[in-house]
1. Quick one, could you list the DSSP H helices from the chain stretching 30 Å or more along their long axis (Cα atoms) with average Kyte-Doolittle hydropathy of 1.0 or above?
2. Which three semi-axes in whole Å describe the equivalent ellipsoid of segment 163-209, each the square root of 5 times a Cα gyration tensor eigenvalue, listed largest first?
3. With springs connecting C-alpha atoms under 10 Å apart, model the chain as a Gaussian network and identify which of G183, G160, G258 has the largest mean-square fluctuation.
4. So, for the chain, what is the accessible surface per residue at a probe of 1.4 Å, expressed in square angstrom?
5. At 0.36 nm per residue, and after removing the present C-alpha to C-alpha distance, how many nm does the segment from T201 to I56 gain when stretched out fully?
6. How much solvent-accessible surface does D43 expose, in Å² to the nearest 10, with a 1.4 Å probe and all protein chains in place?
7. What is the Cα convex hull volume of segment 82-128 when expressed per residue in Å³?
8. What is the diffusion coefficient of segment 200-273 in µm²/s, taking the Kirkwood radius over Cα pairs and the Stokes-Einstein relation at 37 °C with a viscosity of 0.692 mPa s?
Amino acid sequence: MSNESMLDVVPQIPLAQWTESATEWIQETFAFVFEPLKTYFGDFMDYVSGELLVEIPPVLFILIVAVIAFFVSGKKFGLAAFSIVGLWFVYNQGLWDALMSTVTLVLLASLLSVIIGVPIGILMSKSKIANTIFTPILDFMQTMPAFVYLIPAVAFFGIGMVPGVFASLIFATPPTVRFTNLGIRQVSKDLVEASESFGSTGAQKLFKVELPMAKSTIMAGINQTVMLALSMVVIASMIGAPGLGSQVLSSLQRASVGPGFVAGIGIVILAIIIDRITQNMNKDKE
């Protein structure tokens, strides 16, 4: 039986039309939410990346990052030295403003992902119903191609850094949710029962026993969230998000290998610094 005859027997499900209608309804119904977010949140991010961070002298910014890396890594010079050399290289290549835009996008998307993800992970660990509801949603968020997130981002927020943060938020949140859920579930039952026997309330049990014991697992999830947010910078540049990703995209469009490679190296340097700092925050210092 040909495809045409099969469609005659079983009509095509109009999923695309339903999605269009749902998107239009959301745009019209929640315009009072999207417009202020687009305006005020966009202005805030422009201020952070275009004025606040750029006003910090590059040398001072590099030294601050190096000091943080030094103490976070247990007073070892390796990460601090790499931070100084790597960030100086980005500055030397004239990409400092683009780096600040990328840092703003990654930090805001990561912060929002953690603020949203940790409570949802806690809820999933405490409620079987919540776990059943959110698990397929997280599966959907993690398996959907990253480019698809750009469509609702543009539909709701237009172009610029705001939709870039929105798309990064959707893409990067699942690890924090899953690892928080996993970490709390892995806490020893004996410890939980001991805290209950001493009369701990639910909040005391959560904040003084379960979360501290699950810290290592939760921090691993946060590390993955930050790295996923950083991996979105090039994709987000396709909808107008500024930063190193836009430099890579511009070089791709012009087939300019050199500038694209340099911007890519800048992203790698930033990724290594952020990854090592977040990893070392999860280690016991000697």
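The values are calculated or read from the model by the stated rules, or taken from the named source; none is laboratory data. Everything numeric in this text was worked out from a predicted model, so none of it was measured. Ligands, DNA and RNA are stripped out before the accessible areas are found, and what is left, the full protein with its side chains, is counted by its heavy atoms. Shrake-Rupley method; radii C 1.70, N 1.55, O 1.52, S 1.80 Å.
1. Details: long enough: 96-126 (45 Å, 1.73); 161-185 (36 Å, 0.88); 257-280 (34 Å, 1.47).
Qualifying helices: 96-126, 257-280.
2. Details: eigenvalues 217, 26, 4 Å².
In descending order, the three semi-axes are 33, 11, 5 Å.
3. Among G183, G160, G258, the largest GNM mean-square fluctuation belongs to G258.
4. Working: 16060 Å² over 286 residues.
Result: 56 Å² of accessible area for each residue.
5. Working: separation 145, 0.36 × 145 = 52.20 nm, distance 4.56 nm.
Contour length minus Cα-Cα distance gives 47.6 nm.
6. Per-residue accessible area (D43): approximately 90 Å².
7. Values: hull volume 3.8 nm³, N = 47.
So the per-residue Cα hull volume is 80 Å³.
8. Values: Rh = 14.7 Å.
In µm²/s, the coefficient rounds to 224.
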